[in-house]
2 protein chains.
Amino acid sequence: MTIPDTDSLAAKQRLLDAAQGEFADRGFDGATVRTICRKAGVNIAGINYYFGGKEDLYIEAVKQAHACAGRMDTFPVPVAGTPPVEKLRAFIREMVSRMHTPARPAAMKLMMREMADPGKAAHVVVDEFIRPAAFALREILRELLPKLSEERLLMTGFSVIGQCLFYRQNRPITELIFGKEAIDTLDAESVAEHVVQFTLAALGFAEPVGKGRDKAAIRHPKRGRRV
Amino acid sequence: MTIPDTDSLAAKQRLLDAAQGEFADRGFDGATVRTICRKAGVNIAGINYYFGGKEDLYIEAVKQAHACAGRMDTFPVPVAGTPPVEKLRAFIREMVSRMHTPARPAAMKLMMREMADPGKAAHVVVDEFIRPAAFALREILRELLPKLSEERLLMTGFSVIGQCLFYRQNRPITELIFGKEAIDTLDAESVAEHVVQFTLAALGFAEPVGKGRDKAAIRHPKRGRRV
DNA sequence: ATATATTTAAAACATACGTTTGACTTGTTG
DNA sequence: CAACAAGTCAAACGTATGTTTTAAATATAT
C-alpha cells in the first residue's frame with residue numbers, strides 16, 4: 001500500500017476543479033468526462049479510477065463547491081446585543097454580496113444549478129449551506145416582528161431571499177430585456193442598499209422607497225419604528 | 001398540393017403536446033425523440049418529417065407554450081383612471097397567480113426552464129411574454145413614484161418580480177428545507193396578499209408588515225400615502 | 001382511374017457518450 | 001533483485017441518441 005504522492009493527489013484535485021467548472025457551465029448531462037479529463041490533463045480512465053464514475057465525481061465536485069463557496073452559517077455573527085435591524089441589514093448585505101460577487105464563481109454557479117433542480121447532491125447543499133441561512137433569517141425576523149404568524153414569517157423571509165436571489169437566478173433574462181449595460185451598472189453595493197431599504201421599509205423600520213433622501217433615509221429613519 | 005387533413009394535423013399537434021411535456025420535465029437534452037414520439041403515438045421519423053429535427057420541434061414547443069400560458073401583455077387592463085396602486089396590486093396578483101397555478105403547468109414549466117438558461121427559443125419568450133410585462137410594471141412604478149431614479153425604478157421592479165418568481169423557481173428547495181406540508185399551505189391567495197402588502201408597505205402605500213390588522217391594513221391604509 | 005403528392009412505418013446509420021479492459025510505467029517493500 | 005500494488009495510458013466496448021433511408025400506404029387532383 002502506497003500513500004498517494006503529490007502528483008496523484010494533484011491529478012485527483014485537478015479532476016475535481018475541472019469537473020466543478022464543466023458541471024457549473026454545462027450541467028451534469030451537458031458536461032462530458034472526456035472534456036473534464038482533457039481540461040484536467042488526466043486520462044479518460046482517471047475518473048473511474050479515482051471516483052468510480054461520473055456521478056460520484058459530480059457529487060464530490062458539489063461537496064467541494066459548497067465548501068469553497070463559504071458556508072452560510074459562517075455569516076459574520078454580530079456582537080451580542082446587536083439590534084435585530086442591524087442583524088437583518090448584515091444578513092442581506094452578506095447574501096447579496098455572495099450572490100453578486102462570489103469568491104469562487106464556478107462553485108457558486110454549480111451550487112445554484114443544483115438548487116434549481118435538486119439532484120443527488122442537493123441534500124448536501126441544503127444541509128450545510130441553505131438551511132442554516134434560512135433558519136438564521138427566520139430567527140432574525142422573529143426577533144424583529146414577534147407578533148407575526150409563522151406563515152407570514154415564512155413568506156417574509158421568502159420576500160427577502162427572493163429579492164437577493166433574483167439578480168443571480170435571472171441575470172441572463174434581465175440582460176436580454178434591459179440590455180447588458182443597464183444590468184452591469186447594478187453593482188453589489190447598490191443592490192444591497194436597495195434590498196435593505198426596500199425590506200426595512202416593508203417591515204416599518206425605514207422610510208419607504210422614493211421618500212426621504214436615499215441612503216440617509218436608511219440610516220436615520222424618522223418615521224420608522226425604533227428598535 | 002394538399003391541405004393537411006385533420007389526422008395529420010392531429011399527429012403534428014400530438015407531437016407538439018408530447019414535446020411540451022417531455023421538454024418541460026426533462027429539458028432539451030434530457031428529453032429523447034423516441035420518448036416524445038412514443039407518447040404522441042407517432043413514428044420516430046415524424047419529428048424530422050414535420051419539424052426538421054429535434055431542435056426545431058423544441059422551438060415550436062416553446063412558442064406554443066408561451067401562447068398557451070397566456071401572454072403577459074394580456075394582463076387584465078384596468079379601466080382608465082385606475083389609481084396606480086390598484087394597477088400594481090392587480091399586476092402582482094396576476095403574476096403570483098400565473099406562477100402559482102398556471103392554466104397549463106407544462107407550458108409554464110417549459111417557459112421557466114427556457115428562462116433559467118436561455119437557449120435558442122429564449123428571445124421568443126422574452127419578446128412576447130416577459131418584456132411586455134417588465135415594461136408594464138416599470139410604467140406602473142414610474143407613475144407611482146415619479147421622483148425615483150431609473151436605477152431605483154429598475155431595482156424596485158426586480159424586488160417585486162423577485163418575490164413573485166421565488167415561490168416557483170425555488171419550490172423544490174423550500175420543500176427540502178421547511179417540508180412539503182409547510183410550503184403547500186401557502187396558496188396563491190396568501191402569497192399574493194403578502195407580496196402586495198410587503199411591496200406596498202415598502203413603497204409607503206400600506207401599513208408595514210406585522211403592523212395593523214393584516215388584510216385590513218392593506219385595504220384601508222391609515223398612514224400610507226394617498227393616491 | 002390513374003398519377004402525383006403526402007403521410008406512415010420499420011430498419012439502418014453515424015455519432016457521442018460512459019465505462020471497461022489490458023498493457024505499461026513507476027515506486028515501494030521484502 | 002524480485003514481487004507487488006498504485007498510477008497512467010491508449011484502445012476498444014456497449015449503449016443510447018438524432019437522423020436518414022427506403023418502402024409501403026393513403027389521400028388528392030386531373
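Inter-copy label distances for B:Ala80: 6.6 nm (label point placed 7 Å from Cα along Cα→Cβ; shortest first). For A:Lys54, go through the lysines and keep the ones whose alpha-carbon is under 16 Å away, minus same-chain ones fewer than eight residues off. Counting by Cα, and skipping residues close in sequence, A:Lys54 has these lysines nearby: A:Lys12, A:Lys39, A:Lys63, A:Lys120.
Using the 10 angstrom Cβ neighbour count as an exposure proxy, how do B:Thr101, B:Thr174 rank, fewest first? Let's see the in-between values first.
Working: B:Thr101 11, B:Thr174 22.
Ordered by Cβ neighbours within 10 Å, fewest first: B:Thr101, B:Thr174.
Per-residue ellipticity at 222 nm computed for the protein assembly as shown from its helices equals -21000 deg cm²/dmol, with DSSP H segments shorter than 4 residues left out and the rest contributing -39,500 (n - 2.57).
For A:Cys164, A:Cys37, which order do you get if you count the other beta carbons within 10 Å of each Cβ and list the fewest first?
Details: A:Cys164 25, A:Cys37 19.
Ordered from fewest to most neighbouring Cβ atoms within 10 Å, A:Cys164, A:Cys37 come out as A:Cys37, A:Cys164.
Full extension of the chain between B:Ile59 and B:Arg26 yields a length gain of 10.4 nm, computed as 0.36 nm times the residue separation minus the alpha carbon distance. Computed 3J(HN,Hα) for the stretch A:184-196, one whole-Hz value per residue from the Karplus formula 6.51 cos²θ - 1.76 cosθ + 1.60 where θ = phi - 60°, is 5, 6, 7, 6, 4, 4, 4, 4, 4, 4, 5, 4, 4, glycine and proline marked x. Couplings 3J(HN,Hα) of the stretch A:44-60, computed from phi: 3, 5, x, 4, 6, 5, 8, 10, x, x, 5, 5, 5, 4, 4, 4, 5 Hz, in residue order, whole Hz [Karplus 6.51 cos²θ - 1.76 cosθ + 1.60, θ = phi - 60°; x for Gly and Pro].
Dipole orientation for the protein assembly as shown: of the candidates A:Ala103, A:Leu200, B:Leu137, A:Leu200 has the Cα lying most toward the positive pole (charges on Cβ; Lys, Arg +1; Asp, Glu -1).
Treating each Cα of the stretch A:21-124 as an identical point scatterer and summing with the Debye formula, the log10 of I(q)/I(0) at q = 0.19, 0.24 Å⁻¹ comes to -0.94, -1.28. Within the listed set A:Lys39, A:Lys87, A:Lys63, the residue fluctuating most in the Gaussian network model of chain A (springs between alpha-carbon atoms under 10 angstrom) is A:Lys39.
When only alpha carbons of the protein assembly as shown are considered, Rg and Dmax amount to 24.1, 82 Å.
Size descriptors for chain A, from the alpha-carbon set: Rg then Dmax equal 21.1, 72 Å.
Springs between alpha-carbon pairs under 10 angstrom, Gaussian network model over chain B: which of B:Arg152, B:Arg93, B:Arg131 fluctuates most? Most flexible of the set in this elastic network: B:Arg152.
Read-outs throughout are calculated quantities, based only on the coordinates presented, and are distinct from any laboratory measurement. Every value quoted in this text rests on a predicted model; they were computed, and no experiment measured them. For neighbour counting, all protein chains shown are included, and Cβ atoms are generated from backbone atoms with ideal geometry for every residue, glycine included.
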